[in-house]
Each structure stands twice: as structure tokens, then as C-alpha cells.
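Here the structure comes first, spelled out in C-alpha cells, and everything after it is commentary.
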Amino acid sequence: MAVFKLDALRAIDMSKLCFAISLLCAVAIATFLHKLYKARSFMRRLQREGMPMPPHHWLFGHIPVVAKIFGTLPPHAHLFFIADQVRQAYPHLDSAFYLDIWPFGPPSLMTISPELASQFTQDKSLPKYEGVRKFLKPLTGKKDLVSMEGHDWKHWRANFNPGFSASNITNMIPAMVQDVQTYRDIIRRHAVAGDIFPLELPTLAMSMDIIGRVVLDHEFNSQKAYNPLTSALIDQLAWCTIGVHSNPLEYINIARPIVHQYNAWRMNSYLDPLLKLRYETVNQRPKSKYVGDLIMSAYVKENSPDGRPTKMDPVFAEFMRAQVKLFLQAGHDTTAASIVYTFYMLQKHPESLRRLRKELDTVFGPDITATCDVLKEKPQLLSQCNFLLAVTKETLRLYPPTSTARFGLPGFYLTDSDGKRMPTENCLVVANHHGIHHNPRFWPRVEEFLPERWLVDESHPLYPVKNGWRPFERGSRNCLGQELAMTEIKLVVAIMIREFNIHDAYAENDLEKGQREKNLRVNGERAYQITRGGGHPSENFPCRVSLVANKEREIP
């Protein structure tokens, strides 16, 4: 009898469990269907109102359109290609369009027009998309400048601006030259060896060293040896994909929080004593130009009655850690990729290469071995290289490193040149830099590399459209480090390009790996940008490097 009762109780418990599971599944399915209906009906309403968009399926939304497009692109092609690919498939969508890909993302209003992009970044600055904060949270705990809004952002942005000003960055060129010299020596060894190597990897290490020097006056020596901070940061970034990718499995990866905690501990263990020492001795460097010192000095003046640093406040310590991690991430990631693409463009356009080398001979003298010494003595000479600036800007036009995403507000509309008002409420509003920079409606000879377009006067057909160039975004929330990025790109190219010929080795690399090269192009481009935070050259840009022969330097 007792055994019978026990079995009965077990059966009852099992039935309750099954009922609970069934109920949870039913609730989950009902919730999913409700959200699906809400997303599709929202977009169908916009479609009925005549809002621009590709063909919309009542059940699948724009997922078939997006899937078809990405089915034609190589693996890992960057997500920001979607805007230009939609424009190519539907030429009438040459200004803006809505996309509905729920559950892989919120309803989106994709802008590929300078005029429309300026309306929500310059005329009014819409709030940052929450996905950016989710991406940065494991790195900075949402304490960083990018994640801030309102008064906190305004206060700290004003404090950081002097450190990243053009004049201050110019003053730091002599220090930056040291890291570029190390990079040059590494590339020279590859030139002597004649091997194929991924150019982006040593370039990333150099950029990491430069940002460490600019922010903290600290030598990471990432180019020469293992560094625990930079190693942990790079590993953390590899796991920071929540908020930027659409793979639902990323949310249930049980290893992710463990890796995040471990890497955070590694980074903090390195940074905490370094920041503590810089803070306690900040008054010993009253004329320091380094970004970290400028912020610490401002904090001490605001919070210390006698103007002397006391024990570092834990809240401020956490804040400084977050900013340093942010600057290391942003300062090395996209800048390194842009340097590689600049070399690539010059390789593909020998006439521009010859013209640039001639300009550098004029500004720095024909002795290439003296370039670094000249830059250390007269860093302001870099600003006299007008064609170098044009080359840099044109490279960033063709290969913008990222885009900007904001979230729409009730009652806020974008208005196109025809007077059509497009609502932003409940939408992710994107200024797609790649789509804007590759839009033939706004750029003559749009796919051509033409540095000359940055040197002509306003009456010339090539003269850039207003607000059209936006690799660092525009408006109050533009990239804080754009002066540093532009200076670093120009500095590296000025030191390197007269000594080395850099040629991509994709064909050899593909042959060695047995890859079908014809399936590995975007718009005919093998060095297409892949998704890894910002846009990076595929496979880290395999290349061969050779030393420039004397005859090549005899420029008429």
C-alpha cells in the first residue's frame, strides 16, 4: 500500500511538472507571437503610409531580403554592407528605408543620405542605441563616455576635449614616433625575409602602444613582448558580441560571464596600481599633456580642498578604469584597420603613391632615414602634407570603420528632400557610413579612389557634399579621438611609405588555403571589411613587403 501511494505521489508530481513546463512553453510561444505580430503590423502600417522600404513579407518581414543579400556575400562580411546592398538591389531606396528583421533586431530606419544623417546627429542628437552599451558593458561596466548620456556625458566630454585636441595631439607626435619606429623595424624584418604575413596584426599592436602612451604615458611594449593588459583586453573584445550580433545562442553561453569576470580581473590587476601611482603623483606633472593626467588634475582641482590628491576615490578609480579600457579599445581597433587600408589604396594606385612620395620628399627632405628625427623636432610639419591628408580622407571614405546607431523618439521625424516625414519612434535609427560614402547620388565617381576630390574648390564637380564625409560621425557626439586617429594614420604612412612597397597577397593566400577566391569578394573587393567590432580587412590583410629601390624614389 505504501509503495502504491509513493508511486501515485510521484505521478502527481510529474504531472505537475509537465503542466508547469507546458504552461511556460505556452506563455513563451504566446509572447513570441505577440511580439511578432506587433513588429510586422508596425512595419505594415508604415508601408501603407508610403514609407520607403524593400518588399515586406507579412510573416517574415524583411528577413528574406536580408538573407538573400548576405547569401551573396562572403563569410563574416560586415553587417554595415546591408544598406548599400539594398540600395543596389532597389535603386529607388537611395536616401533612407525601413527594415524589419525581428526577432534578430528591432525595426530599423536606415539612412544613407548626409542630409538625413545630420538631422538626428547634428540638428538633434538622438540617444545612443542600447546595443552599444550592451557591447561595452563587459569591458567598461557602462561607466565609459560612450555609454553616458545627459549631464554626466557633457561634463566629462568637456574635460576630455583638451586632451584630444589637435594642438595637444601634435605635441605628442614625438612620443608616438617611438612606437612607429618599432613598427617600422618589424615590417623591415618581413621585407628582408620576403614572407607572407598578416599586416593588420603588428599594426594593431602598434596602435595599442600608441594609445597607451597618449592616455597614460605608459609603455605597453605590445609590439615586442606579451602584455597582460592588452592580452586580456583583446580576449575580452572577442567575447563582447552581445548587442551587435543577432545570434540568440550568444545569450545562453554559460562560459561568457566567467570569461568576462576573469579578463576584467586581469585588466584591473594591471591598471589599478598604474592609475593609483599616476593619481598620487599628478601634481608632480603640472604641465603634462597626457590625457589621463589632464583628467586626474581636473578631478583633483574640483574635489580636493587644498588642490592635492588624497586617496583615490573608488568611484573615480572605476571611472578611470572604464575610460582607459574604452580608449584602448577604440584607439587601436579601427585606427589600425584604417592604416592598413591606406597602404592598400596606395598600392593599388601608383600615381597617387608617386605623388605622395614626392610631397613627403618636399616636406621632410629626401633622406628617408631622417624622417623620424625631423618629426620629433618639428611635429607640426605633418600638418603641411596636404596630399597625405587627402589620401587619408579618401581611404576613410571608401572604408569607413563603423556606423552610428541611435534610438528614435516619439514625435521625432526625419524629413527628406521631397518633404516626406519618416517617424523614428520605436526604431533603431542608423547613419550607415558605408552606405552614405558609397552612394552615387552624393558622390561623383563614387567607387574610384580620388584623393583629388579633397583638394578641389567648391565649384568643382568632385567637391565633397556637405556633411557627406562622416567616418568619425558628426555633431556633439562625434568621435572624441578623431584627431588622434587622423594624426596616427598620417604619421605611420609618412614614416613608412617611402621605405616600403606593400602588396596584398590574397591570391597566394587563397591558393595555399584552397579557397575559391571568386566567392570571397564584396563589390569585387577581396580586402572586404569583416565584422570584428569595427570594420577590419578580411583575414588581417595577408601581404608581402619589399624595400623601395632607389630607382623607384627618383620621382620626376
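The values are calculated or read from the model by the stated rules, or taken from the named source; none is laboratory data. The shown structure was predicted, so the numbers you read here are calculated from the model rather than taken from an experiment. Because the Cβ atoms are built from the backbone with ideal geometry, glycine has one as well, and the counts that use them run over all protein chains shown.
Can we say LYS143 is surrounded by 17 or more Cβ atoms within 10 Å (Cβ to Cβ), in the same structural domain as MET208 (by TED's automatic domain parsing), basic (Lys, Arg) and more than 30 Å from VAL548 (Cα to Cα)?
Judged against the criteria, LYS143 is a match.
Restricting the search to region 164-184, which residues are part of a helix (DSSP H, G or I), surrounded by 15 or more Cβ atoms within 10 Å (Cβ to Cβ) and hydrophobic (A, V, I, L, M, F, W, C)?
Answer for region 164-184, where residues must be part of a helix (DSSP H, G or I), surrounded by 15 or more Cβ atoms within 10 Å (Cβ to Cβ) and hydrophobic (A, V, I, L, M, F, W, C): PHE164, ILE169, ILE173, ALA175, MET176, VAL177, VAL180.
Working only within region 75-124, note down all residues that are more than 20 Å from MET51 (Cα to Cα) and crowded, with 16+ Cβ neighbours inside 10 Å.
Passing the criteria: ALA77, HIS78, LEU79, PHE80, PHE81, THR121, GLN122.
With the condition being within 30 Å of GLY131 (Cβ to Cβ) and at pLDDT 95 or above, I'd like the helices (runs of 4 or more DSSP H) fully within region 418-519 carrying at least 3 qualifying residues.
433-437, 482-496
Residue pairs, Cβ under 8 Å, 6 or more apart or interchain, first in region 350-368 and among the small types (Gly, Ala, Ser), second surrounded by 15 or more Cβ atoms within 10 Å (Cβ to Cβ) and not in a helix (DSSP H, G or I). List them.
Cβ pairs passing all conditions: SER352/PHE449.
Would you point out the residue of region 24-46, among those that are under 36 Å from the mean Cα position of the chain (by Cα) and among the hydrophobic types (A, V, I, L, M, F, W, C), that is surrounded by the most Cβ atoms within 10 Å (Cβ to Cβ)?
MET43
Just checking, how many residues over region 269-311 are closer than 20 Å to PRO162 by Cα, acidic (Asp, Glu) and loosely packed, with under 12 Cβ neighbours inside 10 Å?
1
Yes or no, residue by residue, for (1) small (Gly, Ala, Ser); (2) over 30 Å from THR230 (Cα atoms); (3) without any contact (Cβ under 8 Å) to a residue 40 or more places away in the chain:
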site: HIS57; (1), (2), (3): no, yes, yes
site: PRO91; (1), (2), (3): no, yes, yes
site: PRO107; (1), (2), (3): no, yes, no
site: THR121; (1), (2), (3): no, yes, no
site: MET148; (1), (2), (3): no, no, yes
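Working carefully through the options GLY71, GLY50, find the one that is closer than 22 Å to THR531 by Cβ and either surrounded by fewer than 10 Cβ atoms within 10 Å (Cβ to Cβ) or small (Gly, Ala, Ser) (or both).
None of the other options fit; the residue is GLY71.
Condition check ((1) farther than 30 Å from HIS460 by Cα; (2) part of a strand (DSSP E or B); (3) modelled with pLDDT of 95 or more; (4) not assigned by TED's automatic domain parsing to the domain that holds ASN540) across all residues:
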position	(1), (2), (3), (4)
SER338	no, no, yes, no
SER352	no, no, yes, no
LEU375	yes, no, yes, no
PRO400	no, no, yes, no
ARG406	yes, yes, yes, no
LEU409	yes, no, yes, no
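Which one of VAL300, VAL324 is in a helix (DSSP H, G or I), assigned by TED's automatic domain parsing to the domain that holds GLY212 and touching a Leu at 6+ places or on another chain (Cβ under 7 Å)?
Residue meeting the stated conditions: VAL324.
Suppose the filter is within 30 Å of LYS35 (Cβ to Cβ) and crowded, with 19+ Cβ neighbours inside 10 Å; does ILE187 pass it?
No: the conditions fail for ILE187.
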